[in-house]
Amino acid sequence: MNIIAVTACSTGIAETYMAAEVLERCARTRGHSIKVETQGALGIMDKLSSQDIASADIAILTNDIAINGDDRFKGIKTFHVSISDILESPQDIMSEINSEP
Amino acid sequence: MLKSAMIARQIDGFLSRGRLGRIWFASHTDEYPPNAFLVKFARMVVILEGTYLTAIGHKGQYLEIEARQGDVIYIPSQTWDLPDWNTQGKVLTLLFGHYQIGMSLTFSDYQTKAASVIKCSVPEPMQQEGLYLEKALCESALAAHDNGTASCIAEGLLRYCRGKIEDHRYSHAGRSNDKWRAISMYLQKNFSAKISRESVALEYGISPNHLSRLFREEGGMGFNEYLTLVRIDRTKMLLSQYQMNMSEIAARTGFKDSSYMGRVFRKHTGMTLGEYRAKYAA
């Protein structure tokens, strides 16, 4: 499965980046390909290209603060999750994704 | 007001009120709290006003800190901290990324989360004096006695970052600028591969003509010219620092062969590869 994700947390100092790493690790161990855009205090990093978005099966967006450009993901099956869900129980998110038809 | 200008004003106000206080250094511990903040880049927390409660690893131990105005906490990459926002204060966190410097100004007011936040980033990593200051700060952590050096260096680092906001004050051109920056970074990473205007345009989902326009408007030069400059820069470095032969250098810099590399190099520098090496070899 092709997964894209955007992470952002309120202070932008650490959790944004930690959540991105966790998602990458969990998705890859389950054999998915993943690309994560981070929107933290370092600005927007690893920005998803329109190609990344066009070829994605699902999108994971964090919902702690507003995401920049969330209108890019129209028409893609999207999961809204909190940063703490990602950091504390990433396997639950992956299981939910896997159970998608 | 721009977020960067708001942060700049806060730093200026803080610096005008006096010197930095105590400097804490986080260090690696084998274990750390499950919700600790641990990232791949270094951070520096400056308490601008009030109090900041946090915990860090320090000499192998868990250390709780109640930092006050003027104090600084330096957290190297792969070491952790764990802020507790249930206090009152105004704190600036600097993030030293690989491609940019980030700044996050947080206000806390006895809540479980930061009450409000202003963020901005400078689209270039620490360079020259900034890097040396950071290195010096890390060295000062190892000193047997704190004679005030660390706080002076930390202040220098803060002033350096403050200056970077100034440098980029007029470069808030928005999205086309962001895209150009992203693509130029991509070129700086991938110059050794077979990349072309078409392949990069495809990678970023834009047309080759749009890509050329972006480079002319934002970078003041064409795409191929930019890519050539990146390759020549690397060629110069390899010529002066390593004893590789020309074919090896061409392979590592993305030129199709060494004679083509030689022609392009001469056109841009007025020197042959051999002349450059003879003049600048270490």
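For region A:39-65, taking the residues that are of a type in the set (A, V, I, L, M) and in contact (Cβ under 8 Å) with a residue 40 or more places away in the chain, the one that is farthest from A:Ala27 (Cα to Cα) is identified as A:Ile65. Looking across region B:53-78, the residues that are open to solvent by 10 Å² or more (accessible area, probe 1.4 Å) and either within 24 Å of B:Asp12 (Cβ to Cβ) or not in a strand (DSSP E or B) (or both) come down to B:Lys59, B:Gly60, B:Arg68, B:Gln69, B:Asp71, B:Pro76, B:Ser77, B:Gln78.
For region B:198-225, a tally of residues being surrounded by fewer than 19 Cβ atoms within 10 Å (Cβ to Cβ), more than 14 Å from every other protein chain (Cβ to nearest Cβ) and modelled with pLDDT under 90 returns 9.
The residues of region A:68-101 that are of a type in the set (Ser, Thr, Tyr) and farther than 19 Å from A:Ala54 by Cβ, listed by number, are A:Ser82, A:Ser84, A:Ser89, A:Ser95, A:Ser99. Restricting attention to region A:17-34, does a residue exist that is more than 9 Å from every other protein chain (Cβ to nearest Cβ), of a type in the set (Ser, Thr, Tyr) and surrounded by 18 or more Cβ atoms within 10 Å (Cβ to Cβ)? Among the residues of region A:17-34, not one is more than 9 Å from every other protein chain (Cβ to nearest Cβ), of a type in the set (Ser, Thr, Tyr) and surrounded by 18 or more Cβ atoms within 10 Å (Cβ to Cβ), which makes the answer no.
Residues being surrounded by fewer than 20 Cβ atoms within 10 Å (Cβ to Cβ), modelled with pLDDT of 90 or more and away from chain A (no Cβ under 12 Å) are entirely absent from region B:113-124. Whether a residue is within 15 Å of A:Glu24 (Cα to Cα), under 11 Å from the mean Cα position of the chain (by Cα) and open to solvent by less than 20 Å² (accessible area, probe 1.4 Å) was assessed, and A:Ile86 passes this test. The residues of region B:232-273 that are outside any helix (DSSP H, G or I) and within 28 Å of the chain's Cα centre (by Cα), listed by number, are B:Tyr242, B:Gly254.
Do we find that B:Ser104 is buried (at least 20 other Cβ atoms within 10 Å of the Cβ), within 14 Å of chain A (Cβ to nearest Cβ) and polar (S, T, N, Q) in this structure? In short, yes. In region A:1-16, of all residues being more than 12 Å from chain B (Cβ to nearest Cβ) and of a type in the set (A, V, I, L, M, F, W, C), the one that is surrounded by the fewest Cβ atoms within 10 Å (Cβ to Cβ) corresponds to A:Met1.
Taking region B:193-252, which residues are closer than 21 Å to B:Gly270 by Cα, in contact (Cβ under 8 Å) with a residue 24 or more places away in the chain and not β-branched (Val, Ile, Thr)? Once the filter is applied, which keeps residues that are closer than 21 Å to B:Gly270 by Cα, in contact (Cβ under 8 Å) with a residue 24 or more places away in the chain and not β-branched (Val, Ile, Thr), region B:193-252 yields B:Asn224, B:Tyr226, B:Leu227, B:Leu229, B:Arg231, B:Arg234, B:Lys236, B:Leu239, B:Ser240, B:Gln241, B:Met246. Exactly one residue out of B:Leu63, B:Leu82, B:Leu2, B:Leu94 is at pLDDT 95 or above and more than 19 Å from B:Cys138 (Cα to Cα): that is B:Leu82. With respect to the stated conditions, B:Met244 is open to solvent by 20 Å² or more (accessible area, probe 1.4 Å) and at pLDDT 85 or above. Per the conditions (1) within 22 Å of A:Thr38 (Cβ to Cβ); (2) in contact with a helix residue (DSSP H, G or I) (Cβ under 6 Å, 6 or more places away or on another chain); (3) of a type outside the set (A, V, I, L, M), the sole criterion not satisfied by B:Ser140 is (1).
Within region B:26-81, being free of Cβ contacts under 8 Å to residues at least 24 places away in the same chain, in contact with an Asp or Glu (Cβ under 9 Å, 6 or more places away or on another chain) and more than 23 Å from A:Glu88 (Cβ to Cβ) holds for no residue.
Of the residues making up region B:164-183, at least one is of a type outside the set (Asp, Glu), within 30 Å of B:Glu248 (Cβ to Cβ) and buried (at least 19 other Cβ atoms within 10 Å of the Cβ). Annotation: of all residues in region A:39-62 being hydroxyl-bearing (Ser, Thr, Tyr) and more than 10 Å from chain B (Cβ to nearest Cβ), the one that is farthest from the chain's Cα centre (by Cα) is A:Ser55. Given the structure, is B:Asp71 away from every other protein chain (no Cβ under 13 Å) and out of contact with any strand residue (DSSP E or B) (no Cβ under 7 Å at 6 or more places or on another chain)? Considered against the rule, which asks whether it is away from every other protein chain (no Cβ under 13 Å) and out of contact with any strand residue (DSSP E or B) (no Cβ under 7 Å at 6 or more places or on another chain), B:Asp71 comes out as no.
The values are calculated or read from the model by the stated rules, or taken from the named source; none is laboratory data. As the structure is a prediction and not an experimental result, all values here were calculated from the model. Note: ideal-geometry Cβ built from the backbone for every residue, glycine included; neighbour counts use all protein chains shown. For accessibility, only protein heavy atoms count, side chains too; no ligands or nucleic acids. Shrake-Rupley method; radii C 1.70, N 1.55, O 1.52, S 1.80 Å.
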